[in-house]
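These notes concern the structure reproduced below.
FYI, it's all coordinate maths here, none of it is from the lab. Not measured: the values here are computed from a predicted model. Methodologically, a virtual Cβ is constructed for each residue, glycine included, from the backbone with ideal geometry; neighbour enumeration extends over all protein chains shown.
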Amino acid sequence: MKLFSSLDLEYIHRSLGRKPSKKELGILHDIVEPVLVQRKKLPAKFVNQIGVTQKNVHFEIRNVKPNGNWGSFNFLIRDCALRGSWPVQVSFIWLFSPTQACLKRIHDTETSLSQTFAPVITHHASQDAPRKKSGKVIAVAIMEDNPHPRKVGSGQWLGYVKIPKPGSTLMNEKRIMNVLSGYDRFVSGFSLQKNYGTDLRQLFNIVSDSASIELTFPRAYKKGDGILISEGVSDFELKNKLNDVGYDYQKVGKIKSDLYHVFDFGDGQSKKWPIGVTQISIHGK
């Protein structure tokens with residue numbers, strides 16, 4: 001919460017009409033943290049121009065082990081699958097200069113992993129990057145701009161699907177894609193990060209500013225589980241389709257057009273937030 005200004009805190013207090021709990025402040029901070037960081041580092045005239053990005057670009061930071069293998073899970077393709085389409089390009093930005101053998105091993109691994117949808121795979125590194133056997137890599141997935149014609153809006157359902165951690169194949173991702181491609185009420189989705197603020201930020205990024213969200217987070221969930229958005233009278237058909245291929249699914253909320261968001265952060269207590277409470281980036285320091 002170190003990036004909140006006194007004006008931010010005053011605005012949040014007035015918007016809620018009550019003193020927020022420490023947990024709520026932490027979640028709000030995580031939601032707007034990218035804008036707060038930009039506000040701190042850039043002049044106000046630039047910050048005012050920064051809004052929610054509409055580009056279908058997603059990324060994650062991974063580790064490479066000294067033996068040239070990945071040292072962290074691949075959640076990026078999982079996120080793309082839950083959004084309903086495979087990436088058309090996957091780029092790797094190396095934050096260190098790998099050996100030729102390491103680069104080839106990673107490239108061959110990714111080529112084999114993604115042969116079903118065959119994205120363009122590129123690698124990039126700075127000329128002055130330190131030469132090391134291990135380090136961090138930024139993985140970037142670029143998807144088609146509008147893979148699905150439906151817009152996220154009022155009346156649509158929010159569902160939670162529990163998925164095993166990513167493995168050495170894309171077995172789970174392929175199963176999910178098969179379900180979603182055969183379900184004409186699917187609208188959108190994303191992979192959870194196991195952080196209330198970050199996960200709400202993802203949801204806010206695909207929901208219009210005028211819509212409200214009613215959401216009950218599962219009491220326990222992990223990184224790599226998913227949120228799916230669907231439309232229709234109910235999401236019963238989607239539940240059955242996912243159950244048939246071995247995944248637990250439960251309805252956890254709905255997108256509405258009220259003046260307040262209603263959130264339960266897994267503790268059974270409902271918290272009301274006015275829909276404008278996250279618009280705190282308009283304040284100066």
**OP:** Select from PRO166, ILE213, TYR249 the residue farthest towards the positive end of the dipole of the chain; place +1 on Cβ of Lys and Arg, -1 on Cβ of Asp and Glu, and compute about the Cα centre.
**Re:** PRO166
**OP:** Output the peptides 5-14, 77-86, 183-192, 107-116 sorted from most to least packed, where packing is the average of other Cβ atoms within 10 Å over each peptide's residues.
**Re:** 77-86, 183-192, 5-14, 107-116
**OP:** Sticking with the crude label model, points 7 Å out along Cα→Cβ, report the distance from LEU259 to LEU113 in nm, one decimal please.
**Re:** 4.8 nm
Original post:
Where nothing but the Cβ of Lys and Arg (+1) and of Asp and Glu (-1) is charged, how large is the charge dipole of segment 57-142 around its Cα centre, in debye to the nearest 20?
Top reply: 300 debye
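Taking the Cα centre of the chain as origin, sum charge times position over the Cβ atoms of Lys and Arg (+1) and Asp and Glu (-1), and report the length of that vector in debye to the nearest 20.
The dipole of the chain has a size of about 940 debye.
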Original post:
Which whole-number percent gives the relative contact order of segment 91-137, counting Cα pairs below 8 Å spaced six or more residues apart?
Top reply: 69 percent
Original post:
Once the Cα atoms of segment 57-142 are picked out, what are the Rg and Dmax in Å?
Top reply: 12.5, 38
Original post:
Among the lysines, which fall within straight-line cross-link reach of LYS241, defined as a Cα-Cα distance under 17 Å, with same-chain neighbours fewer than 8 residues apart omitted?
Top reply: LYS162, LYS174, LYS251
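When DSSP beta bridges are limited to those with both residues in the chain, what percentage is antiparallel, rounded to the nearest 5?
Details: 40 of 50 bridges.
Counting DSSP beta bridges with both partners in the chain, the antiparallel share is about 80 percent.
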Subject >> Alpha-carbon gyration tensor eigenvalues x 5, square-rooted, for the chain, Å >> reply: 33, 27, 16
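Calculate the FRET efficiency for LEU25 and ASP244 from the Cβ-Cβ distance with a Förster distance of 30 Å, rounded to the nearest 0.05.
Computed FRET efficiency for LEU25 and ASP244: 0.10.
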Original post:
For the peptides 219-231, 200-212, what is the packing order when you average, over each peptide's residues, the other Cβ atoms within 10 Å and list the highest mean first?
Top reply: 219-231, 200-212
Subject >> Cross-link pairs LYS23/LYS136; LYS2/LYS165; LYS194/LYS272; LYS223/LYS254; LYS133/LYS222; LYS239/LYS272 - those with Cα-Cα distance over 25 Å >> reply: LYS23/LYS136; LYS2/LYS165; LYS133/LYS222; LYS239/LYS272
